Amino acid sequence: MRLDAFKLCRGRRRPLALKTGGIGVWNHVLHVVTVIAILTNCSLMALTSSQFSWLANEIGTLGVFALAIGWEHFMLLVKYIMQLTVSRMPQTVQDEIRRKKYDQERKRYMQLRLKKRNSSYGTTEKKKSSITSSKQSPSAVKKDEQVMDCCEITKSTRSVACPPIEETSSNMSGS
């Protein structure tokens, strides 16, 4: 008894569901089924419907058969036109895919721009070292270094945001 309960509870479980990109082979199967359904319905309608009996008297059995084949071809044409015009993905899903692709490209572009800006910031470091080698007072060099160190490169404005330079008495007397 316990062995049967164990088999039912543990051994005969439904497999875990896996994500897929679509319905796979079943898409082709559904198309085949719709074609067979159109063929079957048109032939049954022509051969068994009492509405076509008066038409069979006027144009004959061969005429009804030709009419059924014509109707069947028209329905297949409608099926294939609908198949081509109806999208496989809903519009919201397509929009979401486009948005994600745009966001990825924008992120990549911004990273490249930031990398380029950082490399140009490296040239600023070289200029800074050349300034320090020139004849400046140590306090002015230190102030320039503080300003350069606290500058931030912002992504949204793509510019260098630096804090305002504080006016000192020595700067005011020089102007």
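The values are calculated or read from the model by the stated rules, or taken from the named source; none is laboratory data. Keep in mind that this is a model prediction, so the values were computed, not measured. Here Cβ is always computed from backbone atoms with ideal geometry, including for glycine, and neighbour counts include all displayed protein chains. Only protein heavy atoms, including side chains, enter the accessible area calculation; ligands, DNA and RNA are left aside. Shrake-Rupley method; radii C 1.70, N 1.55, O 1.52, S 1.80 Å.
Numerical summary
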quantity: From phi via Karplus (6.51, -1.76, 1.60), per-residue ³J(HN,Hα) for the stretch 49-64 in Hz, x at Gly/Pro; calculated: 6, 6, 5, 8, 5, 5, 6, 5, 5, 7, 10, x, 5, 5, x, 5
quantity: Relative contact order [Cα under 8 Å, 6+ residues apart], the stretch 1-131, whole percent; calculated: 18
quantity: For the stretch 19-38 versus the stretch 79-124, the gap between their alpha-carbon centres in whole angstrom; calculated: 31
quantity: Positive-pole candidate from LEU84, GLN94, GLN111, dipole of the stretch 78-118, charges at beta carbon; calculated: GLN111
quantity: Average accessible surface area per residue within the stretch 1-107, 1.4 Å rolling probe, Å²; calculated: 92
quantity: Shape call, the stretch 26-101: gyration tensor on alpha carbons, a/c limit 1.5; calculated: prolate
quantity: Fraction of accessible area attributable to carbon and sulfur, the stretch 6-122 (%, probe 1.4 Å); calculated: 65
